[in-house]
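A.B. asks: I'd like to ask you about the structure that follows.
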Amino acid sequence: MGIDLTAEAASRHQAPTVRGPSEEPVVLTINGTHHTVGLEPRVSLLDALRDRLGLTGSKKGCDQGTCGACTVWVDGRRVLACLTLAIACEGRQVTTIEGLAADGEPHPMQRAFVEHDAFQCGYCTPGQIMSAIALIEEGNAETDEDIAEFMSGNICRCAAYPGIRQAIKDVRDARERP
Amino acid sequence: MRPLGYARVSTVAEAVEIVATDPAGAFLAGGTTEIDLVRLGVARPDLLVDINDLPLHDIDDLPGGGVRIGALARMSEVARTPAIAGRYPGVAQALLLGASQQLRNMASMGGNLCQRTRCAYFRDGVSPCNKREPGTGCSALDGLNRGHAILGTSEHCVATHPSDVAVALVAFDAVVHTAGPGGVRRIPIDDFYLMPGDTPDRENPLRHGELITAIDLPPAGIAERSVYLKFRDRQSYEFALVSVCAAVRVEDGIVTEARVALGGVGTKPWRARLAEQHLLGVPATAESYAAAAAYELSAAVPRRHNAFKVELAQRAIVRGLTQAARGGMR
Amino acid sequence: MNTAIGRPVDRVDSQAKVTGGARYTAEISLPGLTYAAVVGARIPSGRVEAVDASRALAAGGVLAVLTHENLPEIAGQPHLLPSLLGAAAPGQSFFPMQDAAVHYAGQPVALVVAESHEQAQYAASLVDVTYRREPSITSIDEGRDRVYEAQRLFGGLMPGRDERGDVETALAEAPVRIEAGYRFAANHHNALEPPATTAVWQDGRLTLYDSTMGIRATQLTVAHLLGLPLSHVRVITHFVGGGFGSKAMTWPHVTLAAMAARHVGRPVRLALTRAQTYTSNGHREEQEQSISLGATRDGRLTAIRHHKLSITSRFDDWAEPATGVSSQLYDVEHYEGVHSLIQGNTMTPTFTRGPGETLGVFTLETAMDELAYELGVDPVELRLRNHAGADPRGNPWSSDGLAECLRLGAERFGWHGRDPRPRARRDGDWLIGTGMAAAAYPVAFFMPEQRARARVYEDGSAVVQTGTQEFGTGVLTVATQVAADALGLPLESVRFEAGDTDLPNTSAAVGSAGAGMVSAAVHAAATALRDRLVAMAVADAASPLHGADPAAVDVADGRMRLRDRPGTGESYADLMIRHRLADTEAVGSWTPPPLDTPHGLLTFGAQFAEVAVDPDLGLVRVRRMVGVFAPGRVLNPKLARSQLVGGMVWGLSQALLEGNEMDTRHGRWGASNLGEYLVPVNADIPEITVEFVEVEDDVVPLGIKGVGEIGQVGAAAAVANAVFHATGRRLRRLPLAAELVMDPPASS
């Protein structure tokens, strides 16, 4: 094993293109829709969504990876949009809170959050919901301890944590009961 | 954030070449440290070379029972890989106790090894800091240093290495594979981390343009019952006050082999070799563990706000060894 | 009729919040929008010697760099007054960038405006500022030689000293005395939405989108600072991402955004970074409190002396008042409460959830725990024995409930039979302890008249409006409930509008007063409108209600009918169509009772906590909490419960996690992000039980005493008292960090 630089170099097509630093067209796939948007490479996915695409559901709480309010899915995995460059998402599938509702029907997690009053000011809520759904998909919602631990990357300053956990358990249990 | 050029590469050779030939170039993997530090103005690349498409994502068994972890494998993937969780539970636990699931989904293993200290004076971009601006002095020596290191420090820097998984990798003698302008090389992980000495800006031996390609975990039977314990103010999503990776083999009540490494207290992920030596041949008791821990920490240099870590680290070692001896599970 | 009030209905804005549709201030999109970034001073004291903006101006997209050299002078500086008062409410009586002086690190020294957020942020890093550093004081320890007693607090509203009887003698003669001192680290609100303002000028009129807890305060403050007629300043705020006091006052960045927009002639959005919030919207000041309790052997308090020392800014005598509860909660003849200050190089501190009293009660209730141990009396019983039946002037409480809260809390928690011996319970590596505290918080009453407007349409639907704003309290929901009941309409038929100073005015929603005063105004408006429609009906020969006594008419489902003959009546819609009224409306107002109302005004509660402490490692984990509260009428138990749980978590967090230290050499905070300034994450928070004790209160508006603060008060003390029970060690600092909690090394 290991990297054979010579063999790899031989298969190389052409020198990679350097893009930026000024604005250029970037193709993003958000909630299944292609958008071509002029962006400098330094623009984060979060700022691209909020300032350029009008998708303000993803929130900016810290802009440094410490709060989770900007949680979105890239290629199906929950990540932080504030530490992701938008241009690096070309060719990847980005899903935001705005992409959850199917045919106008809210996602069960959205309904469960309402039912359990799992928010107050609502600012962390889209990130919580994106994490909460992913949590179940990951298989990290088996126990109360796991839910609390694997939801700890989403800070809720209003402290709706008990309600958030209850909403997740409801959705998990409803899925298990077909 | 400063203006940035961006290039996406598909081969290691391209990646190395483009960064090696641009003094202001840097690799971009998960971005969890890099983008943060660029936004803070602490890292100042002009070109980010996106290496996420490189074929360095796989996690493979090595002959003899070891595992090779591709440098771009994500922390969350590595943690749930059966070979890691089964053979190196301390590594898997360290991964899961680091950061948050979102960050673990982003952060690559190679990037994790290169993550930078959380020292507030380093990150603020303005305070004197020898790591950020060599020769300006260290604000932490006599400043707010609760989070700072007590082992491996120098008069020039007391910044703590923040990684969890690196602590576990250090305990099990991982080997870092790199590719650079000068070719490929293998670096034992304990040599990968440099003590600050009088060049705290140099944290590892990587040359400009040299890329981590893989991390090997060599076969180590003792790792199968390893534990990683992390102690912090908050229950989750916080860097360690003290963490310990511990594994111990006990035969007839006597320690015959031990691995101990510490996080949160060292300027590098700290292999507690003094403690390990002290443990060989002693009864597997809390008293022996405490004696070994005291031996390791005798070299500690506490500062005003972190003196408690000297005691805390010793107690953490005892707790870690006790749990490891009990069979690994909490 | 009363069908919506008291029901646990879902938030009316819940769909907007769970779908990402709710627009917060920094999400307002406007044509031609530009972006501003603040440059904060690196030094805590001194002067700006020079600003070289050339690199910033040369950077891409930069439209302007404003400094003290080119920013226009303000028209006038309003006094510092709490926003609840309904006047201009700057967070501090100092406005930056008027001259070269620097009074605190982070003080704005320059403002960059650019075409994009990225350009503005980057250019801000290119503004080269040269400073002349002067000596600074940024901690209590640095200023001990210049302590002075505060004459007035809260912008002059409250005295700094409160005394009665002869404390000195009473303490000297007390058979039992407890004396203790505590140190409290500074706290930062860290609302998850960093403050933001978007400013737009059109034809000399200013519209501000602002993340504020008081749009009216923003309007008054900015108009005063800029010398604008009030009619020329409109403030719009639809959703606010948490406040906790940080957005209760109008901080300088709001006006700076307006000034920048005027300068560049385009709309400007100014969003503070997370790090900037630590030096831009106030904080809970670093403080020390000391308390002396005198008591008889049978556990009757005879004297309390309660002193607070804290650090404020160079320009304002600001301290959270800490003695409003300790002076009233217990029946004690001799009392002395004193606030002392040090002026230092920080910005003016501000309201932080449970302002003042949360730490004042911590001090009191921790001392009460010590007294209980000293006397061998159960802590719950000790509170019951001393609870005052009236306030110190002898006025009865507007409503009480403390004893019921204590008893119910003890029952729900399983307090009885507790072994009081410390360090007696173990669970593996953990020591288990339980603790409790009484809770009380003053009911604030100094707001001006509050107004609302109600309109009914000919189809029987209604719109109710008032200029409040939603930041998580659920005010939109409870106001809708109040309006629906007062109008006799189903909840679904009522839409509540807020968040715009063009609507009838209410004060800033602070001090737990928001729900009460807004509800009172809405109730007044809705009632006035219903009365008008009923009057129209009984006067109308064509109405089945013609000639009826209006007092005999009630309304349900939009239908007015005789209370004792419900078959006789007609709908609002029928009446209005007959009168060719497409809509009709009424304005209602509510004026608070005079401040000298002959009633004691406190909200009461009781807090219980169980903790596990790892004494080797200094770790504290809260296993469960029970809080019982008597907040008067509960409009919506679901939402009230959420707010109380939130408050209890803030108390937990204050006890265990939150604190910031100054690096006094640099005069800068040690932590300025959520990685290092610790707020609780999900895994820190156990299941929490909240119960209500019903009390009737006909002094406060609609009987509502508020739930914003009381959940936090006493929670930290309950946790700390539980830590004592677990470990046997009384720790006198917050937060209870590992180095305090861990058993000292055996050798020392």
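A.B. asks: Say the dipole of chain B comes from +1 at the beta carbon of Lys and Arg and -1 at that of Asp and Glu; which of B:A7, B:A258, B:V242 then lies farthest toward its positive end?
C.D. replies: Ranked along the dipole, the leading option is B:V242.
A.B. asks: Among the aspartates and glutamates, which fall within straight-line cross-link reach of C:K17, defined as a Cα-Cα distance under 17 Å, with same-chain neighbours fewer than 8 residues apart omitted?
C.D. replies: Of all the aspartates and glutamates, those that pass the test against C:K17 - Cα under 17 Å, at least 8 places apart if same chain - are A:E98, A:E105, A:E115, A:D117, C:E27, C:E193, C:E470, C:E497.
A.B. asks: Oh, and also: Ordered by residue, what ³J(HN,Hα) values in Hz, to whole numbers, does segment C:49-64 give under the Karplus form 6.51 cos²θ - 1.76 cosθ + 1.60, where θ = phi - 60° and Gly and Pro are x?
C.D. replies: Residue by residue, segment C:49-64 yields 7, 7, 10, 10, 9, 5, 5, 5, 5, 7, 6, x, x, 7, 9, 6 Hz.
A.B. asks: What is segment C:447-590's relative contact order, in percent, from Cα pairs under 8 angstrom and six or more apart in sequence?
C.D. replies: Values: 303 pairs, mean separation 48.2, N = 144.
Once divided by the residue count of segment C:447-590, the mean separation gives 33 percent.
A.B. asks: Kindly provide the helix-only [θ] at 222 nm of the protein assembly as shown, computed as the sum of -39,500 (n - 2.57) over DSSP H runs of four or more divided by all residues, to the nearest 500 deg cm²/dmol?
C.D. replies: Estimated from H runs of four or more residues: -7500 deg cm²/dmol.
A.B. asks: For the protein assembly as shown, what class follows from the C-alpha gyration tensor (a ≥ b ≥ c being the square roots of its eigenvalues): rounded when a/c is under 1.5, otherwise prolate if a/b is larger than b/c, else oblate?
C.D. replies: Working: a/c = 1.63, a/b = 1.32, b/c = 1.24.
Here the protein assembly as shown falls in the prolate category.
A.B. asks: Cα atoms only: what Rg and Dmax, in Å, come out for segment A:108-176?
C.D. replies: Values for segment A:108-176 (Cα only, Rg and Dmax): 10.5, 31 Å.
A.B. asks: Here is a further query. Near the amide H of B:S139, under 5 Å away, which other amide H atoms are found, from residues 5 or more places off or on another chain, if H is placed in the peptide plane?
C.D. replies: For B:S139, the qualifying residues are B:N130.
A.B. asks: Return the distance in nm (one decimal) between the two label points of a simple spin-label model at C:E69 and B:E224, each offset 7 Å from Cα along Cα→Cβ.
C.D. replies: So the label points at C:E69 and B:E224 sit 7.3 nm apart.
A.B. asks: Here's another thing I want to ask about it. What residue among B:R249, B:R87, B:R234 has the largest mean-square fluctuation in a Gaussian network model of chain B, using Cα springs under 10 Å?
C.D. replies: Result: B:R234 has the largest fluctuation of those listed.
A.B. asks: Could you give the nm distance between label points at C:D583 and B:V301, where each point is 7 Å from its Cα heading toward the beta carbon?
C.D. replies: Label-label distance for C:D583 and B:V301, simple model: 7.4 nm.
A.B. asks: Next question, about the same structure. Convex hull over the Cα atoms of chain C, averaged projected area in nm²?
C.D. replies: Reported value for the Cα convex hull: 34.8 nm².
A.B. asks: Which aspartates and glutamates have a Cα less than 18 Å from the Cα of B:K309, not counting those fewer than 8 places away in the same chain?
C.D. replies: Partners found: B:D142, B:D164, B:D233, B:E238, B:E296, C:D614, C:D616, C:E676, C:E739, C:D743.
A.B. asks: Okay, moving on. If each of C:A746 and C:E411 carries a label point 7 Å out from its Cα toward its Cβ, how far apart are those two points in nm?
C.D. replies: 4.8 nm
A.B. asks: Given a Förster distance of 60 angstrom, what is the FRET efficiency for C:T169 paired with C:R133, based on the Cβ-Cβ distance and rounded to 0.05?
C.D. replies: According to the calculation, E is roughly 0.75.
A.B. asks: Ok, one more. Arrange the following residues from fewest to most other Cβ atoms within 10 Å of their Cβ: C:Y330, C:Y441, C:Y373.
C.D. replies: With the fewest neighbours first, C:Y330, C:Y441, C:Y373 line up as C:Y373, C:Y330, C:Y441.
A.B. asks: Please compute the contact order of chain B in relative form: average sequence separation of alpha-carbon pairs under 8 Å and at least six residues apart, divided by the residue count, as a percent.
C.D. replies: Relative contact order comes out at 17 percent.
A.B. asks: Here's a follow-up. Which entries of A:K59/A:K169; A:K59/B:K131; A:K60/C:K638; A:K60/B:K268 show an alpha-carbon separation above 31 angstrom in the structure shown? Mind showing how you got there, number by number?
C.D. replies: Numbers: A:K59/A:K169 24 Å; A:K59/B:K131 33 Å; A:K60/C:K638 28 Å; A:K60/B:K268 33 Å.
Over 31 Å Cα-Cα: A:K59/B:K131; A:K60/B:K268.
A.B. asks: Sticking with this structure for a sec: Among B:V250, B:V227, B:V167, which one moves the most in a GNM of chain B with springs linking Cα atoms closer than 10 Å?
C.D. replies: Greatest mean-square fluctuation among the candidates belongs to B:V250.
A.B. asks: Could you tell me whether segment C:447-590 comes out rounded, prolate or oblate from its Cα gyration tensor? Rule is a ≥ b ≥ c as square roots of the eigenvalues, rounded for a/c under 1.5, then prolate if a/b exceeds b/c, otherwise oblate.
C.D. replies: The shape class here is prolate.
A.B. asks: Then there is this: In whole Hz, with x marking every Gly and Pro, tabulate ³J(HN,Hα) for segment C:9-23 from phi via Karplus 6.51 cos²θ - 1.76 cosθ + 1.60, θ = phi - 60°.
C.D. replies: Residue by residue, segment C:9-23 yields 6, 5, 4, 5, 9, 5, 4, 4, 7, 8, 9, x, x, 5, 9 Hz.
A.B. asks: Something else now. Among the DSSP beta bridges whose two residues both lie in chain C, what percent are antiparallel, rounded to the nearest 5?
C.D. replies: About 75 percent, rounded to the nearest 5.
A.B. asks: Further question on the same structure: Tell me the angle of helix B:308-326 to the major Cα principal axis of chain B, expressed in degrees between 0 and 90 and rounded to the nearest ten.
C.D. replies: 70 degrees
A.B. asks: Could you identify which residue out of B:T81, B:T153, B:T32 has the top mean-square fluctuation in a GNM of chain B using Cα springs shorter than 10 Å?
C.D. replies: Its mean-square fluctuation being the largest, the pick is B:T81.
A.B. asks: Whole-Hz Karplus ³J(HN,Hα) for segment C:370-375, in order, using 6.51 cos²θ - 1.76 cosθ + 1.60 and θ = phi - 60°, x for Gly and Pro?
C.D. replies: Taking θ as phi minus 60°, the curve returns 4, 5, 4, 5, 4, 8 Hz for segment C:370-375.
A.B. asks: About its Cα centre, what dipole magnitude does segment C:1-77 give when the only charges are +1 on Lys and Arg Cβ and -1 on Asp and Glu Cβ, stated in debye to the nearest 20?
C.D. replies: Approximately 340 debye in magnitude.
A.B. asks: Under 5 Å between amide H atoms, partner at least 5 residues away or on a different chain: which partners does C:R423 have, H built in plane at 1.01 Å?
C.D. replies: C:A726, C:T727, C:G728
A.B. asks: While we're looking at this one, here's another question. Using a/c under 1.5 as the rounded threshold, could you call segment C:1-157 rounded, prolate or oblate? The axes a ≥ b ≥ c are square roots of the C-alpha gyration tensor eigenvalues, and prolate needs a/b larger than b/c, oblate otherwise. Don't skip to the end; give the middle numbers.
C.D. replies: On the way: a/c = 2.44, a/b = 1.21, b/c = 2.01.
Because a/c hits 1.5 or more and a/b fails to exceed b/c, segment C:1-157 counts as oblate.
Values quoted throughout were computed directly from the atomic coordinates according to the rules given, and no laboratory measurement underlies them. In this text the structure is predicted, and so the values were computed from the model without any measurement. Note that each Cβ is placed from the backbone with ideal geometry, even for glycine, and that neighbours are counted across all protein chains shown.
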